[in-house]
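K.L.:
First the structure, which I've put down as structure tokens, then a few questions once you've had a look.
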Amino acid sequence: MFHSGLQIRVGSVRRVFSVPSAKRPHVVKAVYEEVARRLARRDVPTELIQANRVLYRAADLKYMTLNANGVFPRTAANQALVVRDGNWDTNRFSGRSMAPGVPSRGGLYCAIQQAALVNELLHYTANQPGVLMNTATGLPFPSSTFAQKFVVKIRLMHSLMVCDISPHNSDSKQFLESIGNAPSVQNALRQGGHIPISFWAELVDGHDCSAARGLGLAVAHSGYLHGLQAATVRQSDRALDESGDNIVLFGADGQPVSGLWVECAYRFPISGPPEEIPVSF
């Protein structure tokens with residue numbers, strides 16, 4: 001348990017581990033252009049994330065360098081706020097556009113609830129060097145996964161307006177359906193004989209994130225939204241609703257996202273309870 005009250009617990013979640021990429025640039029472009037039109041009309045579901053809201057983010061342990069007093073210097077802790085995927089093709093809503101005329105943009109992925117943090121972390125660390133896999137479940141051992149990571153507790157310094165496609169927003173379903181039913185998007189989805197099941201299925205595709213990338217990049221370049229709120233697609237078997245929400249805050253590659261304050265950090269030894277690490281100048 002975190003000293004703040006946040007609990008990390010992991011059940012036996014069976015899933016297929018994969019990293020999505022934008023395999024269909026024409027879909028990226030069609031979705032981007034359709035969403036951009038809606039954004040220009042302010043015809044998108046949004047949520048104002050209030051200042052002082054708490055977010056959590058996991059980062060590689062190599063970025064945690066403590067001083068002699070066991071304090072995490074703020075300049076070092078702020079490395080957890082740096083956008084690093086602007087030139088990658090591995091994240092769902094951010095990264096390389098892969099499509100001509102569509103600008104790339106990086107994103108900082110944060111979790112609101114513990115379930116989203118745990119599910120995403122276990123998914124993306126599976127089969128990585130140093131992470132021990134449980135052959136009985138096909139999952140990483142949680143202790144092995146968390147031993148290579150630290151988690152920062154982030155406080156917002158000011159309110160942020162985000163596009164909200166989470167199930168908690170009553171307008172998100174209609175918005176996503178309208179994007180998927182747009183003629184230009186339908187034509188793009190059907191190219192090459194592909195028969196789309198639904199736009200939601202396209203967004204959560206574990207292998208091809210073309211639709212999600214187009215949507216995310218349109219939000220990133222809206223000029224007035226800071227990010228995107230969406231439910232994690234990594235499911236837990238503990239409860240149907242135990243998935244949690246992610247917030248992707250868009251920013252320039254290699255630069256920290258502004259308006260965020262690292263309050264403290266947590267480290268997870270293989271043996272023993274989690275440790276709360278103070279952050280200070």
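K.L.:
Inspect all residues belonging to region 224-231 and state whether any of them is modelled with pLDDT under 95 and either in contact with a helix residue (DSSP H, G or I) (Cβ under 9 Å, 6 or more places away or on another chain) or surrounded by 13 or more Cβ atoms within 10 Å (Cβ to Cβ) (or both).
P.N.:
Yes.
K.L.:
Another one. Here are N67, N87: which of them is without any contact (Cβ under 8 Å) to a residue 40 or more places away in the chain and either in a loop (DSSP other than H, G, I, E, B) or buried (at least 20 other Cβ atoms within 10 Å of the Cβ) (or both)?
P.N.:
Values: N87 fails: without any contact (Cβ under 8 Å) to a residue 40 or more places away in the chain.
Every option except N67 fails the conditions.
K.L.:
Quick check: is even one residue across region 34-57 in contact with a Lys or Arg (Cβ under 9 Å, 6 or more places away or on another chain), small (G, A, S) and farther than 18 Å from L225 by Cα?
P.N.:
Within region 34-57 (the criterion being in contact with a Lys or Arg (Cβ under 9 Å, 6 or more places away or on another chain), small (G, A, S) and farther than 18 Å from L225 by Cα), the answer is no, since none of the residues qualifies.
K.L.:
Working only within region 90-101, note down all residues that are surrounded by 19 or more Cβ atoms within 10 Å (Cβ to Cβ) and assigned to a loop (DSSP other than H, G, I, E, B).
P.N.:
Of everything in region 90-101, those that are surrounded by 19 or more Cβ atoms within 10 Å (Cβ to Cβ) and assigned to a loop (DSSP other than H, G, I, E, B) turn out to be N91, R92, F93, S94, R96, S97, M98, A99.
K.L.:
For the condition part of a helix (DSSP H, G or I) and modelled with pLDDT under 95, what is the one hit in A188, A201?
P.N.:
Answer to the selection: A201.
K.L.:
Checking L48 against (1) more than 27 Å from D171 (Cβ to Cβ); (2) exposed (fewer than 15 other Cβ atoms within 10 Å of the Cβ); (3) among the hydrophobic types (A, V, I, L, M, F, W, C), which single condition isn't satisfied?
P.N.:
Result: L48 passes all but (1).
K.L.:
What do you reckon, is N127 at pLDDT below 70 and outside any loop (DSSP other than H, G, I, E, B)?
P.N.:
Answer is no for this residue.
The values are calculated or read from the model by the stated rules, or taken from the named source; none is laboratory data. Computed from a predicted structure; not experimentally measured. We place every Cβ from the backbone using ideal geometry, glycine too, and count neighbours over all the protein chains shown.
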